[in-house]
Amino acid sequence: MHDFEPLLPAEQTVLRAAATGDIARIGLRRPRTPSPALRLRGSFLGFLARGGGDGAPVRGRRLQILGGFIDGRVDLAFAHVPMSLWLYRCTFGTAPLLDGARVAGNVAFADCAMPGLHAQACRIDGELALNAGCHIDGDVLLMHACVGRDLNCERMHLRGSARDSTQARQRRLVADGARIGGDVLLIDGFDAAGEVRFMAARVGGDFRAEGARLAADLDASGARGVALDLDRARVGGNVRLCAGFSAAGQVRLQRARIDGDLDCGGAAFDAAGDASWGDNGAALLLDRARIGGALNLRQLQGPLQGASLADARAGALLDDASTWGRHHVLDGFRYTRLAGGAPTDAPMRLDWLARQHAAHLGADYRPDPWRRLIKVLRRMGRGPSASAVAVGRERHLRRAGLIGLGAPPGLRWLARLGHAAYGALAGYGHRPLRMLASVAVVWLVCAALYGAAADRGALAPNATLLLADPRLAQCRPHCKQLPLTVAPFQPLLYSLDVLLPLVDLRQQHHWVPARGALGSEVEAWIGTPPLLLLVWAEALSGWIATLVLLASLAGWPDRDRAR
């Protein structure tokens with residue numbers, strides 16, 4: 001005590017209150033200036049926080065001060081603080097120093113004004129509170145700090161005062177590697193003009209930022225930096241960036257591990273609308289993140305531009321048609337299902353996939369997002385939607401010129417022609433009934449042509465019948481001299497006999513196109529009856545249709561069959 005005598009008036013008030021375990025009521029409002037009646041020396045406050053000494057007893061388990069102006073630094077670096085510290089509506093002239101300190105209780109700076117807080121590698125057994133309108137103009141450094149309960153930043157303001165708002169000064173809340181036993185609360189009007197960073201932090205409860213407003217600093221080029229950084233963070237509960245959360249700058253959760261949900265419902269990313277999209281300029285970065293619950297991106301305040309979800313994992317995806325803007329990276333993004341309320345219709349999902357980064361749809365095509373969506377829709381029992389997405393993928397590949405790239409350049413047109421025909425006839429294997437309809441059309445058209453040709457005498461008994469009975473040489477399908485053993489000509493059966501491979505309806509066995517009976521000039525030019533060309537064409541189409549149908553039913557052409 002001899003080092004601090006004579007005591008200032010406010011210090012005498014604090015000493016009396018500490019001796020009785022009461023609140024030291026120095027003032028009722030947060031002081032703006034260090035007036036003599038409100039001034040406390042930071043060194044004296046640090047002396048009491050360590051437990052005081054002879055002539056300065058501290059009773060109770062809390063040192064409580066209301067409305068004081070702390071002049072000079074409160075230096076508790078590597079100190080053992082055997083009590084809780086509760087400072088309400090106080091003003092600090094210098095940032096308190098708690099680096100390496102061990103506090104056996106809570107630390108609260110409720111509604112205080114501070115030029116910063118240095119508490120690196122400190123250990124606080126209870127709660128650390130920078131809440132109730134706490135105003136901090138400077139860095140809050142909590143790297144490798146250990147907080148036993150909550151980190152409460154409710155209604156905290158991390159920004160400069162009105163008189164120095166024009167100064168280009170970076171302000172940050174940095175808690176890299178911190179250990180928070182309870183929740184992190186950046187709620188109810190938390191406001192930060194600067195970076196908020198929890199890289200590699202461990203949070204036992206929830207990370208809540210409902211209603212928080214974050215604005216990253218501008219660099220020399222005018223581009224915004226990172227507003228919220230949770231890279232490699234581990235959260236035991238939910239991460240809630242919802243209910244009015246807004247970030248003017250990048251939000252990063254790369255390689256984060258979240259046991260619960262990541263709820264971004266109603267959030268605004270790139271709130272200032274001034275982000276520039278470069279190679280890594282996404283508004284929301286979730287690369288290689290692991291989300292045990294749902295990823296909720298519904299009802300955002302504006303379409304999400306430039307989200308990167310490369311190799312991310314989520315239990316469920318909850319979004320809507322207004323969620324997605326452009327420039328997304330979805331390669332490797334895995335989700336088990338689309339949550340209830342998320343659209344499962346093919347048009348919306350195809351539009352979602354079409355909003356990926358342009359390179360991933362063209363020269364650097366990434367098939368995984370398409371395969372994942374198809375697999376999820378099938379698992380959810382949305383077979384028609386899955387098939388429509390698969391057909392849409394094939395159409396995209398054709399439009400992008402990605403079909404036939406493995407073939408020699410001179411034969412790529414043939415591969416693309418076959419691909420287009422396969423799509424038209426069988427929907428790339430996902431519309432097998434379309435092939436049956438095409439086969440039925442070919443059957444009926446050819447049957448009509450065979451019937452018309454038979455009326456003109458263009459079909460005659462085959463050579464085997466003529467050898468058995470030469471009188472049948474002039475006999476045509478409607479000949480009355482046909483023996484009973486010869487099947488009468490029927491156009492529908494004849495066309496079906498030609499069309500179906502490995503099926504013998506005895507029509508082709510008895511009846512063949514006659515020479516010279518139909519289009520003799522054409523026959524002389526091509527060397528074979530024109531009707532025989534129709535038979536060959538129908539037989540070939542039958543083989544093709546059969547093979548395509550079998551392949552489609554077996555799933556051989558399906559790009560997703562082995563996945």
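The table that follows gives values for the structure above.
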item	result
The listed residue being touching a strand residue (DSSP E or B) at 6+ places or on another chain (Cβ under 6 Å), aliphatic (A, V, I, L, M) and either open to solvent by less than 30 Å² (accessible area, probe 1.4 Å) or free of Cβ contacts under 8 Å to residues at least 24 places away in the same chain (or both), out of Leu66, Leu38	Leu66
Flag for Arg349 being open to solvent by 10 Å² or more (accessible area, probe 1.4 Å), among the charged types (D, E, K, R) and under 14 Å from Val391 (Cα atoms)	no
Residue count, the range 87-140 (criterion: in contact with a His (Cβ under 8 Å, 6 or more places away or on another chain) and surrounded by 24 or more Cβ atoms within 10 Å (Cβ to Cβ))	6
Filter result for the condition that a residue is open to solvent by 10 Å² or more (accessible area, probe 1.4 Å), in contact with a Phe, Trp or Tyr (Cβ under 9 Å, 6 or more places away or on another chain) and under 21 Å from Ala175 (Cα atoms), over Gln254, Gln250	Gln250
Subset of the range 220-230 [assigned to a loop (DSSP other than H, G, I, E, B) and open to solvent by less than 10 Å² (accessible area, probe 1.4 Å)]	Leu230
Selected residue (criterion: surrounded by the most Cβ atoms within 10 Å (Cβ to Cβ)) from residues of the range 10-30 that are more than 14 Å from Leu85 (Cα to Cα) and out of contact with any Lys or Arg (no Cβ under 8 Å at 6 or more places or on another chain)	Ile26
Residues (of a type in the set (S, T, N, Q) and touching a Gly at 6+ places or on another chain (Cβ under 6 Å)) located in the range 523-555	Ser552
Those residues of the range 200-218 which are more than 21 Å from the chain's Cα centre (by Cα), in a strand (DSSP E or B) and charged (D, E, K, R), in sequence order	Arg202, Arg213
Qualifying residue in the range 259-278 (condition: farther than 28 Å from Gly222 by Cα, out of contact with any Cys (no Cβ under 7 Å at 6 or more places or on another chain) and surrounded by fewer than 18 Cβ atoms within 10 Å (Cβ to Cβ))	yes
Candidate set: the range 407-440, residues that are free of Cβ contacts under 8 Å to residues at least 60 places away in the same chain and closer than 16 Å to Thr546 by Cβ; chosen: the one most open to solvent (accessible area, probe 1.4 Å)	Leu433
Residue within the range 47-62 that is open to solvent by 60 Å² or more (accessible area, probe 1.4 Å), at pLDDT 95 or above and part of a loop (DSSP other than H, G, I, E, B) present	no
Among (1) out of contact with any helix residue (DSSP H, G or I) (no Cβ under 9 Å at 6 or more places or on another chain); (2) assigned to a loop (DSSP other than H, G, I, E, B); (3) farther than 19 Å from Ala175 by Cα; (4) not β-branched (Val, Ile, Thr), the one test that Arg16 misses	(2)
Residue match in the range 499-509 (condition: open to solvent by 50 Å² or more (accessible area, probe 1.4 Å) and part of a helix (DSSP H, G or I))	yes
In the range 132-146, residue farthest from Phe92 (Cα to Cα) [restricted to those that are under 34 Å from the mean Cα position of the chain (by Cα), modelled with pLDDT of 95 or more and part of a loop (DSSP other than H, G, I, E, B)]	His144
Whichever residue in the range 365-406 is hydrophobic (A, V, I, L, M, F, W, C) and open to solvent by 30 Å² or more (accessible area, probe 1.4 Å) and, among such residues, is farthest from Tyr335 (Cα to Cα)	Leu405
Qualifying residue in the range 74-89 (condition: more than 17 Å from His118 (Cβ to Cβ), touching a Lys or Arg at 6+ places or on another chain (Cβ under 6 Å) and among the aliphatic types (A, V, I, L, M))	yes
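The values are calculated or read from the model by the stated rules, or taken from the named source; none is laboratory data. This is a predicted model, so every value here is computed, not measured. Every residue, glycine among them, receives a Cβ derived from its backbone with ideal geometry; neighbour counts consider all protein chains shown. The protein model used for the area step is the full one, side chains on, heavy atoms only, and it has no ligands, DNA or RNA in it. Shrake-Rupley method; radii C 1.70, N 1.55, O 1.52, S 1.80 Å.
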